[in-house]
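First up is the structure itself, then whatever we jot down about it.
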Amino acid sequence: MTGDAQMHPQSDALLDAILETLSDSKAEDVVQIDLRGKTSVCDWMVVCSGRSTRQVSAMAEHVEDMLKQEHGVLAKTEGKESGDWVLIDAGDVVVHVFRPEVREFYQLEKMWQPAGGKV
């Protein structure tokens, strides 16, 4: 099974909806990482930042609400209470919403970069 050769309309639709919701919520430095064929965990990973713990938590809540209301997806969420790093697992798409300092510390995107390249 090769991820690149297959179409993933459901995960692509979820990705588009999530990116739109994050944009509406003023997410910063949004990065989408195509993981199809690289892992069985998910098809897409989205990493973004919010300016404060309040904004991070609010963005996560907006994404959660949109997934439930528009796509019938009950996403699993962790970290919303602290607002430093919120993980939203929507199945085919996993979203990480960080405060900038926390994102810089963990550098999650670098884990998925090709050797010597950018995501």
Could you work out how far the C-alpha centroid of segment 89-109 sits from that of segment 25-55, in angstrom?
6
What does the charge count near Ser57 come to, summing +1 for each Lys or Arg and -1 for each Asp or Glu among other residues with Cβ under 13 Å from its Cβ?
-2
Within segment 22-87, report the trypsin sites (Lys or Arg not before Pro) that DSSP leaves as loop and that have at most 14 other Cβ atoms within 10 Å.
Lys26, Lys38, Arg51
Suppose every K and R has +1 on its Cβ and every D and E has -1 on its Cβ; what is the size of the dipole of the chain about the Cα centre, in Debye to the nearest 20?
300
Nonlocal Lys pairs with alpha-carbon distance under 18 Å, the chain (8 or more apart, or different chains)
6
per DSSP, antiparallel bridges as share of beta bridges in segment 10-110, % nearest 5, sits at 70
Within segment 50-95, list the GluC sites (Glu not before Pro) lying in a DSSP loop whose Cβ has at most 11 other Cβ atoms in a 10 Å radius.
Glu81
Farthest positive-ward along the chain dipole, Cα basis, beta-carbon charges - from Val102, Val86, Gly72
Val102
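Any read-out appearing in this document is the output of simple, stated calculations on the displayed coordinates, not a laboratory observation. Not measured: the values here are computed from a predicted model. Backbone-built Cβ (ideal geometry, glycine too); neighbour counts: all protein chains shown.
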